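Peer 1: Supplied in structure tokens, the structure appears directly below.
The values are calculated or read from the model by the stated rules, or taken from the named source; none is laboratory data. In this text the structure is predicted, and so the values were computed from the model without any measurement. Here the Cβ positions follow ideal geometry from the backbone for every residue, glycine too, while neighbour counts run over all protein chains shown. Surface areas here come from the heavy atoms of the whole protein model, side chains and all, with no ligands, DNA or RNA. Shrake-Rupley method; radii C 1.70, N 1.55, O 1.52, S 1.80 Å.
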Amino acid sequence: MSKVTEINHPLILHKLSILRSEKTGSKEFRKLVEEISMLMAYEVTRDLSMEEVEVKTPICTTKCKVLAGKKMAVVPILRAGLGMVDGVVNIIPAAKIGHIGLYRDEETLQPVEYFCKLPQDIAERDVLVVDPMLATGGSSIDAITMLKKRGAKSLKLMCLVGAPEGIEAVKEAHPDVDIFLASIDEKLNEHGYIVPGLGDAGDRLFGTK
Ligand code: PRP
Ligand code: URA
């Protein structure tokens, strides 16, 4: 069964509070999404495997640890997931980046696919799917299904804010995928928005409303 981790770090919680405020404009919103994503990536990568190497310091030779594991891919769900990519690749610069385009139909709340471009060796990579919002879970479920159809086997999902309903739906659809969030919020409202949430993440990031 998926492990669900809410990362309760003071720096993340502080930045998330500013992000939620309706007074925060697009420029600051983008910076905060990037910063929170970088801080979360530190936690999400805690279990990466390591190997020992010998390093010669100016004083002596010593055994040190370096990353040993598979290579990583970061896959944002367009559009809003794009805001999280720079934060992650700041600390994992060797990661390749794939893109999945999905939007939520405003009436049915069902995700509609419009783009998919992934690193060609996606099957060999540890994949981190990023999207600020996990509401009904439909978009994340579809994105993970698209990745699995193209061979991805090792996947994690990282979101800023999630609703309990969406988290349960992802766990049920993809029990092999661990989920990381900065906050598990209260519920969804009648329009499928997360309460208290932060509004429409894509519009706030890109200033489209
Ligand atoms: C938002 C968000 C998620 C999705 C979450 O995207 O970024 O992808 O909604 O909702 P769900 O869990 O109910 O599927 P949106 O459809 O607004 O597209 P955008 O990022 O292009 O604005
Ligand atoms: N998508 C968003 O951007 N915000 C929500 O609260 C739900 C879906």
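Peer 1: Sum up the lysine pairs in the stretch 1-57 that clear both bars: alpha-carbon distance under 25 Å and a spacing of 8 or more or different chains. Kindly include the intermediate steps, with their values, before the conclusion.
Peer 2: Working: Lys3/Lys15; Lys15/Lys23; Lys15/Lys27; Lys15/Lys31; Lys23/Lys31.
Taking the Cα cut-off of 25 Å, the pair count is 5.
Peer 1: If you count, for each residue, the other Cβ atoms within 10 Å and average over each peptide, how do 8-14, 118-124, 200-206 line up from highest to lowest?
Peer 2: 200-206, 118-124, 8-14
Peer 1: Apply the Debye scattering formula to the stretch 4-206, with a single equal point scatterer on each alpha-carbon and no solvent, then give log10 I(q)/I(0) at q = 0.12, 0.17 Å⁻¹.
Peer 2: Ignoring solvent entirely, the Cα scatterers give -0.59, -1.13.
Peer 1: Per the 1.4 Å probe, what fraction of the accessible area of the chain, in percent, lies on carbon and sulfur atoms? Intermediate results must be reported in sequence, preceding the final value.
Peer 2: Working: 5960 of 11130 Å².
Ligands and nucleic acids excluded, carbon and sulfur give 54 percent.
Peer 1: Picking from Thr45, Pro132, Leu109, whose Cα lies most toward the positive end of the charge dipole for the chain (charges on Cβ: Lys, Arg +1; Asp, Glu -1)?
Peer 2: The residue sitting farthest along the positive end of the dipole is Thr45.
Peer 1: How about the stretch 1-104: which chymotrypsin sites (Phe, Trp or Tyr not before Pro) there lie in a loop by DSSP and see at most 10 other Cβ atoms within 10 Å?
Peer 2: Loop-located and lightly packed - none at all.
Peer 1: Just tell me, in residue order, which DSSP H segments of the chain are both 18 angstrom or longer along the helix axis (alpha-carbon based) and at least 1.6 in mean Kyte-Doolittle hydropathy.
Peer 2: none
Peer 1: Related question: How many Å² of accessible area per residue for the stretch 139-209, probe 1.4 Å?
Peer 2: On the way: 3000 Å² over 71 residues.
Accessible area per residue: 42 Å².
Peer 1: Here is a follow-up. Quick check: the distance between the Cα centres of the stretch 1-47 and the stretch 94-159, to the nearest angstrom?
Peer 2: Result: 19 Å between the Cα centres.
Peer 1: Let me ask something additional. For Glu6 and Ala123, FRET efficiency with R0 = 30 Å and r from the beta-carbon atoms, rounded to 0.05?
Peer 2: 0.50
Peer 1: Between Thr208 and Lys187, what length in nm is gained on full extension when 0.36 nm per residue of separation is reduced by their alpha carbon distance? Mind showing how you got there, number by number?
Peer 2: Working: separation 21, 0.36 × 21 = 7.56 nm, distance 2.50 nm.
Full extension from Thr208 to Lys187 adds 5.1 nm.
Peer 1: About the Cα centre, and with charges only on the beta carbon of Lys, Arg (+1) and Asp, Glu (-1), how big is the dipole of the chain? Nearest 20 debye, please.
Peer 2: I would put it at about 760 debye.
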